[in-house]
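Asker: After the structure tokens below, expect a handful of questions from me.
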Amino acid sequence: MELREKFAAAAVALRRAEALVITAGAGMGVDSGLPDFRGDAGFWKAYPPYERLGISFVGAANPAHFERDPAFGWGFYGHRTNLYRATVPHAGFGILRDWIARFGLDSFVVTSNVDGQFQKAGFAGDHILEVHGSIHHLQCTIPCSPAIWENRETIPVDEATMRAGHIPRCIRCGAVARPNILMFGDYGWVSDRTARQQRAFDEFLAECRGRRLVVVEMGAGTAIPTIRYLTEEAGARPGAVAVRINPREPRIRPPHISLPCGALEGLAGIDAILSGDSPS
């Protein structure tokens, strides 16, 4: 099946849909200019100082740094905080919002990304599940309590050394604070916020029982397959259709739809069919 035919099949499913689940991995942010950290080479291309230090993404995204060397831990996460704050969500986010409005779809977003781009693009925060947490929220490193608060910190970072010039502190006890993100080898993550989001998503799925559901997945790889599993689980519901958009790992079993392209290209291609135009 040609790509345009796949766009058309996805458009048919969306026209028939009564509810939409949007699932997204790191590839969703690539069209906004964000790195996806694919493999050590991809990570080092985004962060050359870590190549000199021989530190991989797994090594940098380790909660132990906040205890041993907070300026180093916050160098990585402070830089990412600043990057995500400056990033403008690409046009694909607007396409998704337009479908929700145009077809009157009940919707929910599930993402492994911690960048807050869906909220920035105007999606309702109470209909978003961030399975790995959010860089825009903080917690205590100890943790001294289950408190989670908004990240309003200004964190300058020396990009030559990837060390932070400011260390956020816990609002309760004054210990070093950290992002409310599930990191590698992480036993201190306070999961309460994500657990509340999960309950809201579970309630959404219960309310969608018996309705025609479409799942649109973008940029979710197999290295950490959380989002892919969730897409396939939701897509297994009676009458559901899943659309997987991924330039490198698009495979999904029929009758679901595989689009071997980037997120923005895939969304724009489907939207062109829905709008009665031919995708370029």
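We did not get these values from a lab; they are worked out from the coordinates using the rules stated. Predicted model, so just to flag it, every value in this text is computed and none were measured. Methodologically, a virtual Cβ is constructed for each residue, glycine included, from the backbone with ideal geometry; neighbour enumeration extends over all protein chains shown.
Asker: Working only with C-alpha atoms, what are the Rg and Dmax values of the chain, expressed in angstrom?
Answerer: Over the chain's Cα set, Rg and Dmax evaluate to 19.5, 59 Å.
Asker: Run lengths n ≥ 4 of DSSP H only: what is the helix-derived mean residue ellipticity at 222 nm for the chain, with -39500 (n - 2.57) per run over all residues, to the nearest 500?
Answerer: The per-residue figure over the chain is -11000 deg cm²/dmol.
Asker: Another question about this same structure. Would you kindly give the portion of the calculated P(r) for the stretch 69-122 that falls above 16 Å, as a percent of all Cα pairs?
Answerer: 54
Asker: So what's Rg/Rh here for the stretch 11-63, counting alpha carbon atoms and using the Kirkwood radius for Rh?
Answerer: My calculation puts Rg/Rh at 1.25.
Asker: Roughly what angle does helix 70-86 make with the longest principal axis of the chain, taking Cα atoms, 0 to 90 degrees, to the nearest 10?
Answerer: 40
Asker: Please list, in order, the residues from the stretch 34-53 whose amide nitrogen is less than 14 Å from a point placed 7 Å along the Cα→Cβ vector of T87.
Answerer: 34-38, 43, 46-47
Asker: Hey, what's the per residue convex hull volume over the C-alpha atoms of the stretch 95-174, in cubic angstrom?
Answerer: Expressed per residue, the convex hull around the Cα atoms of the stretch 95-174 is 128 Å³.
Asker: On to the next question. Residue by residue through the stretch 125-138, what is 3J(HN,Hα) from phi via Karplus (6.51 cos²θ - 1.76 cosθ + 1.60, θ = phi - 60°)? Round to whole Hz and write x for glycine and proline.
Answerer: Working through the residues one at a time gives x, 7, 10, 10, 10, 9, 5, 10, x, 9, 6, 8, 9, 10 Hz.
Asker: Which number comes out as Rg/Rh for the stretch 84-234 once both Rg and the Kirkwood Rh are worked out on C-alpha atoms?
Answerer: In the stretch 84-234, Rg relative to Rh is 1.00.
Asker: Which loop GluC sites (Glu not before Pro) in the stretch 4-61, with loop taken from DSSP, have no more than 10 other Cβ atoms within 10 angstrom of their Cβ?
Answerer: Of the GluC sites (Glu not before Pro), not one in the loops of the stretch 4-61 has a Cβ with at most 10 other Cβ atoms within 10 Å.
Asker: Quick one: check the C-alpha center-to-center distance for the stretch 54-100 versus the stretch 196-221, whole angstrom.
Answerer: 25
Asker: In nm, to one decimal, how far is the modelled label at L205 from the one at S145, with both set 7 Å along Cα→Cβ?
Answerer: 3.3
Asker: I would also like to ask the following. How large is the direction-averaged shadow of the alpha-carbon convex hull of the stretch 204-275, in nm²?
Answerer: 5.2
Asker: Moving on. Counting other Cβ atoms within 10 Å, which chymotrypsin sites (Phe, Trp or Tyr not before Pro) in the stretch 124-188 have at most 14 and lie in a DSSP loop?
Answerer: Sites meeting the loop and neighbour criteria: F184, Y187.
Asker: Rounded to the nearest 5, what % of the DSSP beta bridges within the stretch 3-274 are antiparallel ones?
Answerer: 30
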